[in-house]
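See below for the structure under consideration.
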Amino acid sequence: MQRFFNPIAQVIHAQTGMDQTVILSLLEIPPDRSMGDIALPCFRLAKEWRKAPQQIAKEIADQIGDNPWLASAVANGPYVNFMMHRAAVYHEVQQAFSTSASILQSSRGQGQTVAVDLSSPNIAKPFSMGHLRSTVIGTALSNLLATDGYTVLRINHLGDWGTQFGKIIVAYRLWGDENTVKQNPIAELNALYVRFHEEANLHPELNDQARAVLKNLEDGDQEDLALWRFMVDVSLAEFERMYKILGTSFTHQLGESFYNDKMDAVVDELRDKGLLIESDGAQVVNLDAINLPPCLIRRSDGATLYATRDLAAALYRHTMLHADKLYYVVGNEQKMHFQQLFHVLKLMGYPFASACFHIGFGMMRLDGRKMSTRKGQIVRLEEVLAEATSRAKAITQEKNPSLDNLDAIAQAIGVGAVIFNDLKTNRLHDIDFSLDKAVAFDGETGPYVQYTHARACSVLRKANFLQEKSSPATLVVPLGTPAQGMDTLIDDPTWQLVKELSMLGVIRERAIDEADPSLIAKHVLDICQAFNHFYHDCPILSADEPLRTLRLSLVDLSRLAIRACLDWLGVGYPAEI
Ligand code: ARG
């Protein structure tokens, strides 16, 4: 409905002379739908106008006469409740979905580039649930930003450098075996890493060896580098498999090691700008002024750190890739790291520091347990996706035994279920992951949305009206103008659906502004709920004209809205389930 706040404010302004921005700031949606579609509370006006709010409400209601948007304006105590002309709203929504699809896109980001740092798993370590969250949130955000006209760079900042490589290489040399690693790379390399930690507790000198290896790597030691490359290659092959299943793509796959030759310049720049100080032999940037611990730039042995590589990466994205805004989709636990990073950029005098955003997110718990990799208690994402797919297959087979393409559909449902489950929660909150709940066809799940979409397709198919091309709505009911006479065609369940559809554009922009795809997931659930009530209560194919065409066109618009949302979220939508 917010979509109509502007035109309504215009009407009220034209007919009462009240200031339009004031009206806009006051308009709201009444909690009880039967009261009206939009309400104007008059309390704030009462002060200014020195009249009782009830009196003001009555006067405003009396002044609103005939107009194309409002069917009625009724004073109810201190409120004016407005009922919209349903057909006019329907018409608007229909227009907004067709040809230019203004509900589905805008040009707010035209001419600007955003770099989205997403996924970014660590080489030789399992792809964790945290990386899954970063991948799906980052993908959804990138898709949404693209609808605003931004050029979006999707960057995989692979963790392919740092102390862990010293540790794994030491462990590999001591206890590893090439063939075993090749057979099951990440699990084996991770087991070596876990073993390193156990043994290093008893033999702390192992840590010194690991640091020495890292130093060798940074100095370009060929033998150590060859081992490192081997680990990168075998890990990447495993990640690629995962990305394929998830449908993830990147414009840039630049690991931390990519910045090795750009690090000295960063350190020099920090020194030239007078920001580096020495602390226990290490080089740091002091951040006392903002009450943060110092940002470590170079260790006493000369090795660079995670933050140093991130500084180099930020500068690269800004200067070489021309990114105007930098988004980092990384778990809440790294909040401080990004505060430090952005502040150092600011101290370096880069204005784009204020266009850097940490898009944090909560932790995923499996049936209440934290998922961690340190102690080897890992949940393998690939297994979770495979299990989700096999459950989806069982359920789908039972529902519709004659489906062609069962495997592809089951994968879209199983994987979609896991993605949707992740995205429907406000990103900052922790998520309890339960496979049973995620793949259920009822409840607030991906399969429920996909099923609703398939149901819409099926109605359109029966009416010979399924257009497979993605864009504009195909059915237009000629309601003529003024369309008020047609209001009665739009009964309550239909109206509820029209209203939900009308909100998509506003919610899309809000999801971008808050960098939170859960707004889209929640909204598509609302659309599906409204659609299913409508489907249940209003006969479609057996209705008389023009009702039949009107209802069919709403099925079509619902289908387009649902698939747009699923597209943004990165969830598939089989036409038949
Ligand atoms: N590889 C890191 C981790 O798994 C995440 C990297 C996030 N991106 C960044 N630019 N720091 O914790």
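Tabulated data for the structure shown
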read-out: Strands (runs of 3 or more DSSP E) completely within region 281-358 that count 3 or more residues being within 25 Å of residue 252 (Cα to Cα) and under 29 Å from the mean Cα position of the chain (by Cα); value: 325-329
read-out: Members of region 105-116 that are within 11 Å of the ligand (Cβ to nearest atom) and either closer than 17 Å to residue 247 by Cα or open to solvent by 10 Å² or more (accessible area, probe 1.4 Å) (or both); value: 116
read-out: Residue match in region 251-267 (condition: at pLDDT 95 or above, open to solvent by 50 Å² or more (accessible area, probe 1.4 Å), acidic (Asp, Glu) and not in a strand (DSSP E or B)); value: no
read-out: Residue match in region 293-312 (condition: open to solvent by less than 30 Å² (accessible area, probe 1.4 Å), within 14 Å of the ligand (Cβ to nearest atom) and in contact with a Phe, Trp or Tyr (Cβ under 7 Å, 6 or more places away or on another chain)); value: yes
read-out: Filtered residue count, region 359-410, keeping only those that are open to solvent by less than 40 Å² (accessible area, probe 1.4 Å), of a type in the set (Ser, Thr, Tyr) and at pLDDT 85 or above; value: 2
read-out: All positions within region 137-166 that are assigned to a helix (DSSP H, G or I), of a type outside the set (S, T, N, Q) and either at pLDDT below 95 or open to solvent by less than 10 Å² (accessible area, probe 1.4 Å) (or both); value: 137, 138, 140, 141, 144, 145, 165, 166
read-out: Neighbours by Cβ (under 6 Å, 6+ apart or cross-chain): first from region 102-127, closer than 27 Å to residue 161 by Cα; second aromatic (Phe, Trp, Tyr) and away from the ligand (no atom under 16 Å from the Cβ); value: 114/150
read-out: Some residue of region 231-238 being touching a residue at least 12 places away in the same chain (Cβ under 8 Å), open to solvent by 50 Å² or more (accessible area, probe 1.4 Å) and within 30 Å of residue 350 (Cα to Cα); value: no
read-out: Looking only at region 420-472, and only at residues there that are of a type in the set (Phe, Trp, Tyr) and at pLDDT 95 or above, the one that is most open to solvent (accessible area, probe 1.4 Å); value: 451
read-out: So residue 273, is it farther than 28 Å from residue 130 by Cα, among the basic types (Lys, Arg) and either modelled with pLDDT of 95 or more or within 26 Å of the chain's Cα centre (by Cα) (or both); value: yes
read-out: Qualifying residue in region 167-184 (condition: under 21 Å from residue 256 (Cα atoms), out of contact with any Phe, Trp or Tyr (no Cβ under 9 Å at 6 or more places or on another chain) and either within 16 Å of the ligand (Cβ to nearest atom) or touching a residue at least 40 places away in the same chain (Cβ under 8 Å) (or both)); value: no
read-out: Failed item in (1) surrounded by fewer than 20 Cβ atoms within 10 Å (Cβ to Cβ); (2) closer than 18 Å to residue 554 by Cβ, with residue 97 passing the rest; value: (1)
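The values are calculated or read from the model by the stated rules, or taken from the named source; none is laboratory data. All values derive from a computational prediction rather than experimental measurement. Every residue, glycine among them, receives a Cβ derived from its backbone with ideal geometry; neighbour counts consider all protein chains shown. For the accessible areas, the whole protein counts, side chains as well, though only heavy atoms, and no ligand, DNA or RNA atoms are used. Shrake-Rupley method; radii C 1.70, N 1.55, O 1.52, S 1.80 Å.
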